[in-house]
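Q: Structure incoming, see below.
The values are calculated or read from the model by the stated rules, or taken from the named source; none is laboratory data. Being a predicted model, the structure only gives us computed values, none of them experimental. Virtual Cβ from ideal backbone geometry, glycine too; neighbours counted across all protein chains shown. These area figures cover heavy atoms from the full protein model, side chains too; ligands, DNA and RNA do not enter into them. Shrake-Rupley method; radii C 1.70, N 1.55, O 1.52, S 1.80 Å.
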Amino acid sequence: MDGVTLLQQLVNGLSLGSLYALIAVGYTMVYGILRLINFAHGDLIMVAAYAAVMGVGLFSWPWPVAAGVAVLLTGLVGVLLERAAYRPLRRAPRISLLISAIAASFLLENLVLVLAGGRPRAFPAPGWLGGSLELGGLYLPRLSLVIPAVTALSVGAVFFLVYRTATGRAMRAIAADWEMVSLMGVDVNRIISLTFLVGSLLAGVGGILWALKYPQVNPFLGILPGLKAFIAAVLGGIGNLAGAVAGGLILGLLEVLIVAAFPAWAGYRDAVAFGLLIVILLVRPTGLWGESLEEEKL
Amino acid sequence: MALLELRQVGMRFGGLLALEDLNLEVPEGGLYGLIGPNGAGKTTVFNLISGFLRPTSGSIRLSGTELVGLPPHRITALGVARTFQNIRLFGELTVLDHVLVGQHLRGRARWWQAVLGLPGARREAREQERRAWELLTAVGLAEVAHEPAGQLPYGHQRRLEIARALATGPRLLLLDEPAAGLNPQETRELMTFLQDIRRRYGLTLLLIEHNLPLVMGLCEHLTVLDHGLTIAQGPPAAVQKDPAVIRAYIGKR
Amino acid sequence: MRGWRPGVRASSLAALMTRSTWLTLAAMALLALCLAAAERFGNEYQVRLLHNVAVFITLAVSYHLINGVCGQLHLGPNAFITLGAYTAALLTLTPAEKAATFLLTPLIWPLREVSLPLAPALLAGGLVAAGFGVLTGFPVFRVRGDYLAIVTLGFGEVVRVAANNLQGLTNGPLGLKGLHPLDSLWWSWGVAGLTVLVVHRLKNSSFGRAMQAIREDETAARAMGVDAFRHLMLAYVLSAFFFGVGGGLLAHLITTISPGLFSFFLTFQLLIIIVVGGLGSTTGAVLSAVFFTLAGEWLRVVEEPRQVFGLMVPGIPGLRLVIFSLLLLLVILFFRRGLLGRREFSWAALGAWLSGGRRSKSRG
Ligand SMILES: Nc1ncnc2c1ncn2[C@@H]1O[C@H](COP(=O)(O)OP(=O)(O)OP(=O)(O)O)[C@@H](O)[C@H]1O
Ligand SMILES: [Mg+2]
């Protein structure tokens, strides 16, 4: 691999990685507060993509309006999901909560399948996002620059919310000690809803970006990015926002670089993440920057 | 040689020094008490002995065998059983099942022998069940043997936890606040019960307790912890008068 | 089940034991008779449905062992089923058939030449899946809960990717065709019966109780001397074995397999089955497997286009799954204990129930 190709692949990896990072932050936020893997988080990506397709195709909204509405709608779906499928089970055995999450995920996928049909749809992209820049032999698709930029902005906003506002302080307090905070008179439910809203909005933004990058939209498109983003979150130490960003970037770069270095392995690209997950669990189950995994105090 | 011997045991949780230089020798057949205000590190001592935590320094020996580094189930197999401060039963399993689970580690049959129903495995299962009934009768739980543990009254649950621990065939029994939540009447019953099982099974007991009258009346020897430090050790009468102990207790109230 | 107070005298206990043993034997004989009749007089569709029921009983009961008895949310049965399916299929096809199938890349050497009867092929499928279980068990049981769910979910993905890429072993995306169909109901029902028997006996043994103790409170179980890793591994590998055998049966039932065939959807179906049956109840898993296989067949209709009074009504793909996932959601939200909770079938309980609800205290 010469220098330019390497640089080219780095840009690709960074772009993919920042997408994973964006989705992983939402995962990690929800996990941090509820200690629950929101299996349906990946499907929110799909919801956003479909909503945008519908907005443009069905209602002929201008692209930015359709994308904006799609992101908001996704946030709403996330909040509803928590209300309907997770909140009633907060004191139930974990296995019930997980099963509920899986059921909700399947429900979303197949509801969209029923409503929109199984035929993949083309995702509309505005002209100004297409094309690419050439920079000293380096070929940079505009999208590869837009994705990291949008990610940086969104994640920056979330960091501000979590670390600089009273609401963020409440979120972190709940993540640390749920019972204690509810005793102190904080409206835990409101904060949890808010966390889901923010996490789902991120998934919405991620969904739009994902569909721009891979413009074939189908009801199951969220599964794989969802799983990989989760693995990125685990890699960075689940519950840790900065770790999720780092984990996402590392995973994106790894996938792209491995395939670039060993083209024969291209078919195994989707297995990289799971291989990585198994290695993490064997070597360092807490992830790179995680504190200990929920060890229970006796 | 003492049955249980802790030497210079220390435990650190990140920045928190939960236990420092604890030395403890419990002789075979002894009835020892571990007391101290909230957060003193008493439960931590139990977690260290039973293998749920690994001490950051020091050694823990059971009749000379080093326990540090062994997983909990191995330590139980060596003859250390425990109860938990906040009762931890197997929710939906019946009382009888609890005691049978306790005996499981002493079973010799392999899983496939049990599945095939070989005569040896069946004999063993029958034998375990017989002993389980015996134990339940001894602790007064035979009446409720088929009730799910989660539905028992509190006092019965405490008793069941002890019965389950006894079923593992321990030499040393660690009891974490066995009288917590019991009324005076139940506490008195518990005291006789503990004396009784101690004699019947030739047990050595190490007991954490907040209820001072109970400890004073029951234990032969006390260790008092405060903020992880050993502030007094000796027979109850002496410990009771120790100024450091009085300060630790009164300071907290 | 053990539902009797200590007061019941030994002799009457023995009498009861023999009676329920007789009843069980009689019920099994009746089932065998029905199967024999179905095999003789049933049409192809009915026989296929019966095969399906048996395979799903096998899969659901194995899943129940790790998920219901041990309480670990394992989401990778489809991976083990795929392994069993491919192994068994590669072993039963004749060398000539394999040569005709593997056009792009020839099948690797020893497999190219061998051809085994169904029984050893199924066994091999089970063993390969169990071997994969032993290998993966080490990372899997380093974690619990959500993590365990995700890792095992990953297996399905990894196995699918591998099956797509290992051309010389799996024929890649094209898959394997023309497997020899099952020639008798005894294959599937024999395996189902064996699985139920093994799981039932294990669950009621000292080992099964220890597994349930781990489910209820792993920390307390470990304090009671239960080696959690060994017990979970045992359940996991044993269930992997039966998944493998079941996969082999499924392959020879469908006769055409490809990498994407056993997707997470299959795992999802098994999950619904055991949750609705009552997580932790073997009886529930069996009954629910029967019900869902038949209901799934029936619901298939809604997804296929068909003629209604001369009009062409288009099928609605996905509707079946919407119904299933709603059902699962409702059950987990409102009837968490499912059909049977953790109860098991016993003749005594059945008798008590039939004779007017004076339920004996047999939970069990
Ligand atoms: N697993 C753990 N991780 C971090 N800190 C811990 C852990 N276990 C105990 N601690 C801390 O160690 C200290 C001693 O706790 P411990 O539970 O041993 O006290 P105790 O004497 O049993 O108190 P109590 O009477 O309230 O039961 C406490 O400050 C506690 O917060
Ligand atoms: Mg304590």
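Q: C:L169 to B:K241: FRET efficiency via 1/(1 + (r/R0)^6), r the Cβ-Cβ distance, R0 51 Å, to the nearest 0.05?
A: The pair C:L169/B:K241 has a calculated efficiency of 0.05.
Q: Which whole number of Å³ per residue matches the convex hull of the alpha-carbon atoms in the range C:177-336?
A: So the per-residue hull volume is 155 Å³.
Q: Can you give the % of DSSP beta bridges in the protein assembly as shown that are antiparallel, to the nearest 5?
A: 65 percent
Q: Okay, helix-only estimate at 222 nm for chain A: each DSSP H run of n ≥ 4 adds -39500 (n - 2.57), divide by all residues, round to 500 deg cm²/dmol; what do you get?
A: Rounded to the nearest 500, it is -23500 deg cm²/dmol.
Q: How much accessible surface area, in Å² rounded to 10, belongs to the heavy atoms of A:V188 with a 1.4 Å probe?
A: Roll a 1.4 Å probe over it and A:V188 shows about 10 Å².
Q: Shifting gears a bit: So how do C:T58, A:T167 rank on accessible area, 1.4 Å probe, biggest first, that is with the largest at the start?
A: Per-residue accessible area, sorted high to low, gives A:T167, C:T58.
Q: Take every DSSP beta bridge with both residues inside chain B and express the antiparallel ones as a percent of the total, to the nearest 5.
A: Of the beta bridges lying entirely in chain B, close to 55 percent run antiparallel.
Q: Also: How much length is gained if the chain between C:A29 and C:S184 is pulled fully straight, taking 0.36 nm per residue apart and subtracting their Cα-Cα distance, in nm to one decimal?
A: 54.1 nm
Q: Full-extension gain between A:L288 and A:V186, please, as 0.36 nm times their residue separation minus the C-alpha to C-alpha distance.
A: 33.5 nm
Q: At 1.4 Å probe size, put B:M191, C:M28 in order of accessible surface, largest to smallest.
A: C:M28, B:M191
Q: The range C:215-249: which residues show an accessible-area loss of 30 Å² or more, assembly versus chain alone, 1.4 Å probe?
A: Those are C:E216, C:D217, C:T219, C:A220, C:R222, C:A223, C:M224, C:G225, C:D227, C:L234, which lose 30 Å² or more relative to the chain on its own.
Q: Quick one: compute the contact order of chain B, relative version, from alpha carbon pairs under 8 angstrom and 6+ residues apart, as a percent.
A: Normalised by residue count, the contact order of chain B is 27 percent.
Q: So what are the ³J(HN,Hα) numbers for the range C:121-132, from phi and the Karplus equation (6.51, -1.76, 1.60; θ = phi - 60°), rounded to whole Hz, Gly and Pro as x?
A: Each residue of the range C:121-132 in turn: 5, 5, 4, 4, x, x, 5, 4, 5, 5, x, 4 Hz.
Q: Roll a 1.4 Å probe over the protein heavy atoms and report the accessible area of C:T92 in Å², nearest 10.
A: 10 Å²
Q: Any idea which of C:I57, C:H180, C:Y86 is furthest toward the positive side of the dipole for the range C:43-263, if Lys and Arg beta-carbons carry +1 and Asp and Glu beta-carbons -1?
A: It is C:I57.
Q: Using 7 Å Cα-to-Cβ label points, what is the B:M1/C:S263 separation (nm, one decimal)?
A: It works out to 6.4 nm between the two label points.
Q: Work out from phi, with θ = phi - 60° and the Karplus expression 6.51 cos²θ - 1.76 cosθ + 1.60, the ³J(HN,Hα) of each residue of the range C:99-110, listed in order in whole Hz, and give x for Gly and Pro.
A: For the range C:99-110, the Karplus curve yields 4, 6, 7, 7, 7, 6, 10, x, 5, 5, 3, x Hz.
Q: Here's something else I'd like to know. Would you kindly calculate the mean projected area, averaged across all directions, of the convex hull enclosing the Cα atoms of the range C:43-263, in square nanometres?
A: Projected over every direction and averaged, the Cα hull of the range C:43-263 covers 11.9 nm².
Q: Under 12 Å between alpha carbons, and skipping anything fewer than 8 positions from C:K177 in its own chain: which aspartates and glutamates qualify?
A: C:E97
Q: Round to the nearest 10 and report in Å² the accessible area of A:M184, as given by a 1.4 Å probe over the protein chains' heavy atoms.
A: 130 Å²
Q: Still on this structure, I have one more. Roughly how many debye, to the nearest 20, is the charge dipole of chain B about its Cα centre, given +1 on each Lys and Arg Cβ, -1 on each Asp and Glu Cβ, and no other charges?
A: 460 debye
Q: Rounded to the nearest 500 deg cm²/dmol, what is the calculated helix-only ellipticity per residue at 222 nm for chain B, with -39500 (n - 2.57) per DSSP H run of length n ≥ 4?
A: -12500 deg cm²/dmol
Q: Could you let me know the centre-to-centre spacing of the range C:86-120 and the range B:196-253, using Cα atoms, in angstrom?
A: Centre-to-centre (Cα) distance: 73 Å.
Q: Quick check: pseudo-label points 7 Å beyond the Cα along Cα→Cβ at C:K177 and B:Y201, how many nm apart are they?
A: Placing both labels 7 Å along Cα→Cβ, they lie 6.8 nm apart.
Q: Which residues, if any, in the range B:49-76 have at least 40 Å² less accessible area in the whole protein complex than in the isolated chain, probe 1.4 Å?
A: B:F52, B:H73
Q: Compute the whole-percent fraction of alpha carbon pairs in the protein assembly as shown spaced more than 54 Å apart.
A: Tail of P(r) above 54 Å: 21 percent of Cα pairs.
Q: A further question follows. What distance in nm separates the simple spin-label points at A:A261 and C:R48, each placed 7 Å from Cα in the Cβ direction?
A: So the label points at A:A261 and C:R48 sit 4.9 nm apart.
Q: Please compute, for the alpha-carbon atoms of chain B, the extent along each of the three principal axes and give them in descending order in Å.
A: 62, 41, 33
Q: In addition: If amide H atoms are built 1.01 Å from N in the plane of the peptide, which residues on other chains or at least 5 residues away come under 5 Å of the amide H of A:I238?
A: Here nothing satisfies the definition.
Q: Compute the long axis of helix C:77-92 from its Cα atoms, compare it with the longest principal axis of the Cα atoms of chain C, and write down the angle in degrees, 0 to 90, nearest 10.
A: 60 degrees
Q: A further question on this structure: For a quick check, take a GNM of chain A with Cα springs below 10 Å and name the residue from A:T165, A:T151, A:T74 with the largest mean-square fluctuation.
A: In this elastic network of chain A, the residue with the biggest mean-square fluctuation among A:T165, A:T151, A:T74 is A:T165.
Q: Can you pull the Kirkwood radius for the range A:3-297, inverse mean 1/r over Cα pairs, to one decimal in Å?
A: Answer for the range A:3-297: a Kirkwood hydrodynamic radius of 19.5 Å.
Q: Right, another one. Cα axis of helix B:119-139 to longest principal axis of chain B: angle in degrees, 0 to 90, nearest 10?
A: Computed tilt is about 50 degrees.
Q: So what is the calculated 222 nm ellipticity per residue for chain C, using -39500 (n - 2.57) for each DSSP H run with n of 4 or more, over all residues, to the nearest 500 deg cm²/dmol?
A: -23000 deg cm²/dmol
Q: Of all the accessible heavy-atom surface of the protein assembly as shown, with the other protein chains kept in place and a 1.4 Å probe, what percent is carbon and sulfur?
A: Heavy-atom surface of the protein assembly as shown belonging to carbon and sulfur, 1.4 Å probe: 64 percent.
Q: Gain in length, B:S57 to B:R188, computed as 0.36 nm per residue apart minus the alpha-carbon separation, to one decimal in nm?
A: Value of the extension gain: 43.4 nm.
Q: Taking only Cα atoms, what is the 0 to 90° angle, nearest 10, from helix A:188-213's long axis to the longest principal axis of chain A?
A: Between helix and principal axis, roughly 10 degrees.
Q: A further question follows. For the range C:43-263, what is the relative contact order in percent, using Cα pairs closer than 8 Å and at least 6 residues apart in sequence?
A: 42 percent
Q: Work through the residues other than A:I191 whose Cβ is under 15 Å from its Cβ and net out their charges, Lys, Arg +1 and Asp, Glu -1.
A: Overall, the nearby charge balance is +3.
Q: I need the calculated FRET efficiency for the pair C:T105 and A:L143, taking r as the beta carbon distance and R₀ as 30 Å, to the nearest 0.05.
A: 0.25
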